[in-house]
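So the structure is just underneath, and the comments pick up after that.
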Amino acid sequence: MYTIPQLQALDFLLKIISAEPDSDEFKPVIESSGILWQGDFVMSDRTYLKQPYIDVLGDLEVRTTSAGEHGHHDAIAKVWEYYYQKPNRLIKLAKANNPAYLHHGLLEVLNAVTTGEEASDLHPYLFNAKSLDGKMEVPFLDLSDEKIKLVSILRLKR
């Protein structure tokens, strides 16, 4: 079971790996309330995280922060530092024909550098949530204060 900040960090790594040349897209698959879901724990543009918010005037804005910036999303900063030092290992696992290798490698990183006590300023949502059975699709799932079971990594061919 993982915290939302840990899964945000894992999803961030998946987005970095998916942005590599000739890479497929990868999504986390979680179980929530007995349903398997895939979606996005973070919105990012390579090494920058995007967070929509409503400013004091009531306008919708997007806050952009660096992934390596501690104090806002520490689990992401920790996995980013790890990845930056050893990017080839996870990229090789992603290019293998079995996503289970990537899943195992990502969990090794997550368990090595995070404690589960990290805080995050990002929304505790699974954005663009789709059930794997195809019966449900919602713009987001609010997973506040939940520990989530990560069950798989979904490879989407490009």
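Every number here is computed from the coordinates shown, using simple stated rules; none is lab data. This is a predicted model, so every value here is computed, not measured. Neighbour counts are summed over all protein chains in view; Cβ atoms, including those assigned to glycine, are modelled from backbone coordinates with ideal geometry.
Over the chain, with a Gaussian network built from C-alpha contacts below 10 Å, which listed residue (D24, D121, D59) shows the highest mean-square fluctuation?
D59
Residue by residue through segment 137-142, which ³J(HN,Hα) values in whole Hz follow from phi under the Karplus form 6.51 cos²θ - 1.76 cosθ + 1.60 (θ = phi - 60°), with glycine and proline marked x?
Coupling constants for segment 137-142: 8, 10, x, 6, 10, 7 Hz.
Sum up the charges of everything whose Cβ sits under 9 Å from the Cβ of D22, counting Lys and Arg as +1 and Asp and Glu as -1, but leave D22 out.
Charge balance in the 9 Å sphere: 0.
Which of the three applies to segment 1-144, rounded, prolate or oblate, going by the alpha-carbon gyration tensor with a ≥ b ≥ c and a/c under 1.5 meaning rounded? Mind showing how you got there, number by number?
Numbers: a/c = 1.57, a/b = 1.17, b/c = 1.34.
It comes out oblate by the Cα gyration axes.
For V151, list long-range residues whose amide hydrogen, built 1.01 Å from N in the peptide plane, is under 5 Å from its own amide hydrogen.
Amide H neighbours of V151: V29, I30, E31.
Using a Gaussian network model of the chain whose springs link C-alpha atoms within less than 10 Å, name the residue from P99, P124, P139 with the highest mean-square fluctuation.
P139
Using a ≥ b ≥ c from the Cα gyration tensor of segment 88-158 (square roots of the eigenvalues), is it rounded, prolate or oblate, where a/c under 1.5 gives rounded and otherwise the larger of a/b and b/c decides, a/b for prolate? Walk me through the numbers before you get to the answer.
Working: a/c = 2.32, a/b = 1.16, b/c = 2.01.
Taking the square roots of the gyration eigenvalues as a ≥ b ≥ c, segment 88-158 is oblate.
When the chain is modelled as a GNM with alpha-carbon springs shorter than 10 Å, which of A75, A19, A67 fluctuates the most?
With Cα springs under 10 Å in the chain, the top fluctuation among A75, A19, A67 is at A19.
Just want the ordering: S23, S33, from fewest to most Cβ atoms lying within 10 Å of their own Cβ.
S33, S23
Work out, step by step, the length gained on full extension between E117 and T64: first 0.36 nm times the residue separation, then minus their alpha carbon distance; give nm to one decimal.
Here the answer is 16.8 nm.
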